[in-house]
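There's a structure below that I have some questions on.
The values are calculated or read from the model by the stated rules, or taken from the named source; none is laboratory data. In this text, all values refer to a predicted model and were calculated from it rather than measured experimentally. Please note: Cβ atoms are built from the backbone with ideal geometry, for glycine as well, and neighbour counts cover all protein chains shown. The accessibility values were calculated without ligands, DNA or RNA, using every heavy atom of the protein model including side chains. Shrake-Rupley method; radii C 1.70, N 1.55, O 1.52, S 1.80 Å.
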Amino acid sequence: MGKLLDCNSNDLELKSLDRIANLFDDSYKTLNHNKKSDEFDFTNDEKTWALEHTSYICESSKEVIKYEKAREKGKNPDHTRIEGFIVDGDGELLAYFGNGMTSTRKNLRKCIRNKDIKCRKRLLKEPTFQRIDLVITVPDDPLFDDRNSIKPLDEFIREYNSVFNTYILQVDSN
């Protein structure tokens, strides 16, 4: 199945920032990483610009991660917890069912709402921020293989009155 996703929040945040800075806008390189859980993930020195990171991993993919990690430790995990699993004779996972596009979009909207609530609370504590961007990492999801994949979510984003100035969706294929 390829390299396992490292679900460490700090690693995902730093990797996302690096990708955004290199592929989207290099001004993101000026942001500082905050490791405290009660602060924005990245901020500029003046505390006027923040970048918040979130990731969405469907339940099937979470089960795959658990399965593969158990195999790396030499265990013989139960693959029946993975919907639509196909394994070879050695227990190597060849395929599985992930979420459909409708379910994935619904869950991404939920991620945005949850981050919006957190960021509004942070803004009450630190009202100096004038710009807040959101990056959403979707690991290994073939449903988001081109820009048109996110259009229905774009419509929701325009209608949703959040604190975010910019939304960036990235698919992490490790």
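Taking all protein chains in place and a 1.4 Å probe, what share, in percent, of the accessible surface of the chain do carbon and sulfur account for?
47
Could you work out how far apart the two model spin labels at LYS69 and LYS106 are, taking each label as a point 7 Å from the Cα in the direction of the beta carbon, and quote it in nm?
2.7
Angle, helix 59-72 long axis vs. longest principal axis of the chain, Cα atoms, 0 to 90°, nearest 10?
Relative to the chain, helix 59-72 is tipped by roughly 60 degrees.
A follow-up question, please. Add +1 for every Lys or Arg and -1 for every Asp or Glu among the other residues with Cβ under 10 Å from the Cβ of PHE164, and state the total.
After counting each charged neighbour, the total is -1.
Considering only Cα-Cα distances, which of the following residue pairs are longer than 20 Å: LYS29/LYS118; LYS35/LYS121; LYS35/LYS69; LYS35/LYS115; LYS15/LYS75?
Pairs exceeding the cut-off: LYS29/LYS118; LYS35/LYS69; LYS15/LYS75.
Taking H as built 1.01 Å from N, whose amide H comes closer than 5 Å to the amide H of GLU83, not counting residues under 5 places away?
When sequence neighbours closer than 5 places are left aside, the close amide H contacts are PHE97.
Grab the other residues whose beta carbon is less than 12 angstrom from that of ALA95, score K and R as +1, D and E as -1, and report the net.
-3
Please enumerate, by chain and number, the lysines with C-alpha under 16 Å from the C-alpha of LYS62, excluding those fewer than 8 residues away in the same chain.
List returned: LYS3.
Would you mind putting 159-165, 59-65 in packing order, based on average other-beta-carbon counts within 10 Å, highest first?
In descending order of packing, they fall as 59-65, 159-165.
So, one more: Just the accessible area per residue of the chain, please: how many Å² with a 1.4 Å probe?
59
Expected output is a single nm value to one decimal: the length gained when fully extending between HIS33 and ALA21, i.e. 0.36 nm times separation in residues minus the C-alpha distance. What is it?
Here the segment from HIS33 to ALA21 would lengthen by 3.0 nm.
Report the normalised scattering of the chain as log10 I(q)/I(0) at q = 0.09, 0.10 Å⁻¹, calculated by the Debye formula with identical scatterers on the alpha carbons.
-0.36, -0.44
Right, here's the next one. Over all alpha-carbon pairs in the stretch 28-127, figure out the percentage whose distance exceeds 17 Å.
The answer is 65 percent, as a whole percent.
For the stretch 28-37, what does the Karplus curve 6.51 cos²θ - 1.76 cosθ + 1.60, with θ = phi - 60°, yield as ³J(HN,Hα) per residue in whole Hz, taken in order and with x for Gly and Pro?
In residue order, the calculated couplings are 5, 5, 7, 7, 9, 7, 9, 8, 6, 6 Hz.
What's the FRET efficiency of ASP90 with VAL171 using the Cβ-Cβ distance as r and R₀ = 35 Å, to the nearest 0.05?
Efficiency at R0 = 35 Å is approximately 0.75.
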